[in-house]
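The values are calculated or read from the model by the stated rules, or taken from the named source; none is laboratory data. This is a predicted model, so every value here is computed, not measured. Backbone-built Cβ (ideal geometry, glycine too); neighbour counts: all protein chains shown.
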Amino acid sequence: MPRTNVTVTAATAVVLSVVLAGCGGGGGGDDAAAKGPVTVEYWSWDEAKLVQPVADKFNATHDDIRIKVVKQADNPGTAANLRNVVASGKGVPCLVKNFGEVPGLAGEGLLQDVTDEMKPYVGEGGKGGKGVYNEASLPSAQAGGRYYSVPIGYQPSFMVVNRKVYDTYGVAVPKTWDEVITAGKELKKHGVYVMNLAGEDPSTLVNLVQQAGGSWYRADGDTWKVDFLSPESLKAGEVVQQLVDNGLVANQTYMDRPALINYFDSGKMVSLPTQAWQLGNYELNYKKSLGDWEPVDLPQFPDAAEFTAPAHGTALLVPKGCAHPKEAVEAGVWMATTKEGIDAGYQSDTKQYVWPGAVQDPSPWVDSVVPEKLFGPRKSEARPVILKAVKGAKDTWTVGPNYSGVFSELQDQWAKIVTKKITVRQALTHLQKFTVDDLKSKNINVEG
């Protein structure tokens, strides 16, 4: 949103909707209760088969609240529609599938503070522990330590490797990032790449920074502290740099999905950091390598004090102007954390549940995300690998108020990294200046 002749602090940027929470919408109250059940309008662009059965189950088991699913066309369309209704103060929904990072959307004035409504579900001090959520699912729903959305969880991160190719060339499956580089050098001798780094997708670098315990932003009072050159960031960058410098990675684009899957299936690239939701797609599309893959723990940094899998979840947004935030939170929490809610999302055609990434113990649902044929005789190894990723999940990632623009710049820099036009350190140095200058131009307090 435009800011003219005013200094906007970091705190203001992430909690703007607190000030405006009382404006527009009103609050349900006794009159609404007297007229019957409260309706929580839920905007999502997911297929109806994914969301409607869950809403139907909620409605069948609750007398005082009803969920009304309103289908949206897509992610950009939802964003545009929400901005329009929040600006007008009319027709504001109470739950919206997330289309961006919560701090930026809260700073834009689109969301309202639901910290008080979340307290019964997130434990002492709103930080998890004794609540219904696992700890790693909570940070992505917050801005400035306050909740502006309902956490619905994260996907556990692990790796799948083409074990047949590894064994063919006598290469040990790597357990650390140093060993990934060593394995890559051996595999290269046989015309095989150890990993794929698509030129438009810098997620590998972002995930490595998180796994190292770092973040490029940190909120300190009313100031944003920016550090793209932290020890954690440089440690992550060094892994990427060695993979690129030694020519150990393919650069197959994600823009042509069928071609990408065919490449993964070919045996020319043999290690895929992945998440649970992607396994079914591999099973459906692999032809040559079906049964050759093995699930393994995500490689660690050699000096890691404990096993860590990066996690950054998502949430259901609660827009500014929602008339029933308490009921919206109750409905969102039920969908994400109760057995009834999770079970209602079972897909009989794929025989899978939507991954229950918000709950403390997802073990009852793990087996449904493991395909029958992808791992061949190693199928039983998937369950402990996935549960270890859940237990080791950490979300250290803080998203700054200008992250959307910074991420676009990161994509441009990443394309230059993987094509050896610049080094990772040069890119990080550029992003440091870019981010600080951009925050200053928006009159946001920043150090870095």
Answer with yes or no whether GLN432 is in a helix (DSSP H, G or I), touching a His at 6+ places or on another chain (Cβ under 8 Å) and modelled with pLDDT of 95 or more. no
Applying the selection to segment 254-281, what residues are at pLDDT 95 or above and of a type in the set (Phe, Trp, Tyr)? TYR263, PHE264
Apart from one, (1) free of Cβ contacts under 8 Å to residues at least 60 places away in the same chain; (2) over 14 Å from the mean Cα position of the chain (by Cα) all hold for GLN142; the odd one out is (2)
Taking the conditions exactly as written (farther than 30 Å from LYS164 by Cβ, surrounded by fewer than 20 Cβ atoms within 10 Å (Cβ to Cβ), within 20 Å of the chain's Cα centre (by Cα) and without any contact (Cβ under 8 Å) to a residue 12 or more places away in the chain), does SER441 satisfy them or not? no
Is it the case, given these coordinates, that GLY109 is surrounded by fewer than 24 Cβ atoms within 10 Å (Cβ to Cβ), in contact with a helix residue (DSSP H, G or I) (Cβ under 7 Å, 6 or more places away or on another chain) and either within 27 Å of ALA80 (Cβ to Cβ) or modelled with pLDDT under 95 (or both)? yes
Being at pLDDT 95 or above and outside any loop (DSSP other than H, G, I, E, B): is that true of GLU294 here? yes
Say whether the condition of being more than 17 Å from GLN278 (Cα to Cα) and not charged (D, E, K, R) is met by at least one residue in segment 349-359. yes
In segment 357-382, which residue that is in a helix (DSSP H, G or I) and either among the polar types (S, T, N, Q) or in contact with a Ser or Thr (Cβ under 8 Å, 6 or more places away or on another chain) (or both) is nearest to GLU283 (Cα to Cα)? SER368
Segment 152-177 residues that are farther than 30 Å from GLU101 by Cα and assigned by TED's automatic domain parsing to the domain that holds ASP303, paired with ones that are of a type in the set (Phe, Trp, Tyr) and buried (at least 22 other Cβ atoms within 10 Å of the Cβ) (beta carbon under 7 Å, 6 or more apart): VAL161/TRP293; ASN162/TRP293; ARG163/TRP293; VAL173/TYR166
Just checking, how many residues over segment 213-249 are touching a residue at least 24 places away in the same chain (Cβ under 8 Å), part of a loop (DSSP other than H, G, I, E, B), within 16 Å of LEU410 (Cβ to Cβ) and not aromatic (Phe, Trp, Tyr)? 4
Selection status of GLY191, within 22 Å of SER404 (Cβ to Cβ) and part of a loop (DSSP other than H, G, I, E, B): no
